[in-house]
Amino acid sequence: MKIEILFGDVCSLYGDSQNITYLKQTLPEAEFVETKLTQDPWFLEHDPDLILIGTMSEKVQRRVIEKFRPHKARIQELIEKGTPILATGNACEIFCKHIEYVTEKTEIDGLGIVNLTVKTDYFKRYNSKVLGEANGMKIVGFRSQFSFLYGDNSECYFQKVLRGDGINRESKLEGFRVKNLIGTQLLGPMLPLNPLFCEYLLQLAGCDAKAAFRQEAMMAYEQRVREFSDPEVKFDPI
């Protein structure tokens, strides 16, 4: 199994790198291709079984979009083939139609693979927990962001939010999914926090492996689901 980690040198904020650590523990025999921002993506000439890209600064985000733009056709080809791609935090925004950086008074077109727009405002940081459901699985996680997504994702959302917000404060549908491209604004160690989703993602890649330290991971996951489901636990965003 071949897994490409895109730009982990600059796209691993908020502990997103722990997703990679967990996958390496889950799949010790897999080949991990760690592509730096200064390198051409490995997927241009090869077919990864799974691709991951994590949270980045807004400055890096613009560089990633411009790096990907000439290769949009190849990215779409991989999506059409069903290649699983997980984009966490603001990495998901690069696949959107347009990004407006309100504070900097600038804007940029994204790849336009999903028909959503983004507004980023450095004066309005949003921090919150999320309890959602996707493909019959409860999803738990955290968000810390300057941006919200806007548009209709009712036909392509990643998860229904049970507690917390969706792509914006008026939505209960979080992220997006186009075939096996999954974009979510959850960040940090999403896979260790959600071992069932980790296994599901690997199944999309054709691998029937069990998540590393599964018993302990499931105990922690089930405890967090109970905690996040408790109405006494506040979900008011900071």
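The values are calculated or read from the model by the stated rules, or taken from the named source; none is laboratory data. As the structure is a computational prediction, the values presented were derived from the model and not from experiment. In this analysis, Cβ positions are derived from the backbone assuming ideal geometry, glycine residues included, and neighbour counts consider all displayed protein chains. For accessibility, only protein heavy atoms count, side chains too; no ligands or nucleic acids. Shrake-Rupley method; radii C 1.70, N 1.55, O 1.52, S 1.80 Å.
Going 7 Å from the Cα of Glu155 in the Cα-to-Cβ direction, what parts of the stretch 164-190 have a backbone nitrogen less than 14 Å from that spot? Label zone hits: 177-179. Excluding ligands, DNA and RNA, the accessible surface per residue across the stretch 1-55 is 46 Å² with a 1.4 Å probe.
If R0 equals 35 Å, the separation of the Cβ atoms of Ile108 and Glu80 corresponds to a calculated FRET efficiency of about 0.90.
In the chain, the DSSP beta bridges split such that about 55 percent are antiparallel, to the nearest 5. Among the protein heavy atoms of the stretch 161-238, carbon and sulfur supply 53% of the accessible surface, probe 1.4 Å, non-protein parts ignored. Surface composition of the stretch 1-80: carbon plus sulfur atoms hold 46% of the accessible area, using a 1.4 angstrom probe and ignoring ligands, DNA and RNA. Taking a straight line from the alpha carbon of Lys72, these lysines sit under 25 Å away, with near neighbours fewer than eight places off in the same chain left out: Lys2, Lys36, Lys59, Lys81, Lys97, Lys119, Lys179. Taking a sphere under 15 Å around the Cβ of Met219 and counting the other residues whose Cβ falls inside, with K and R at +1 and D and E at -1, yields a net charge of +2. Looking at the stretch 63-208, the accessible area is 40 square angstrom per residue; that uses a 1.4 Å probe and ignores ligands, DNA and RNA. Pairwise Cα distances in the stretch 1-135 exceed 21 Å for 44 percent of all pairs. For the stretch 111-217, the list of trypsin sites (Lys or Arg not before Pro) that fall in a loop by DSSP and count at most 15 other C-beta atoms within 10 angstrom reads Lys124, Arg125, Arg169, Lys172, Lys179, Lys210.
Between Thr83, Thr120, Thr38, the residue with the greatest mean-square fluctuation in the GNM of the chain (Cα pairs under 10 Å linked by springs) is Thr38. The GNM of the chain, with springs linking C-alpha atoms under 10 angstrom apart, assigns the highest mean-square fluctuation among Ala211, Ala73, Ala134 to Ala73.
With 0.36 nm allotted per residue and the present C-alpha distance subtracted, the Glu34-Arg125 stretch has 29.8 nm of extension available. Between the alpha-carbon centres of the stretch 23-81 and the stretch 113-158 there is a gap of 21 Å. Among the GluC sites (Glu not before Pro) in the stretch 155-238, those located in a DSSP loop and surrounded by at most 11 other Cβ atoms within 10 Å of their own Cβ are Glu155, Glu170, Glu232.
If a/c stays under 1.5 just call it rounded; otherwise compare a/b with b/c (prolate if a/b is bigger, oblate if not). Do that for the stretch 1-60, with a ≥ b ≥ c from the square roots of the Cα gyration tensor eigenvalues. Oblate, since a/c reaches 1.5 and b/c is not below a/b.
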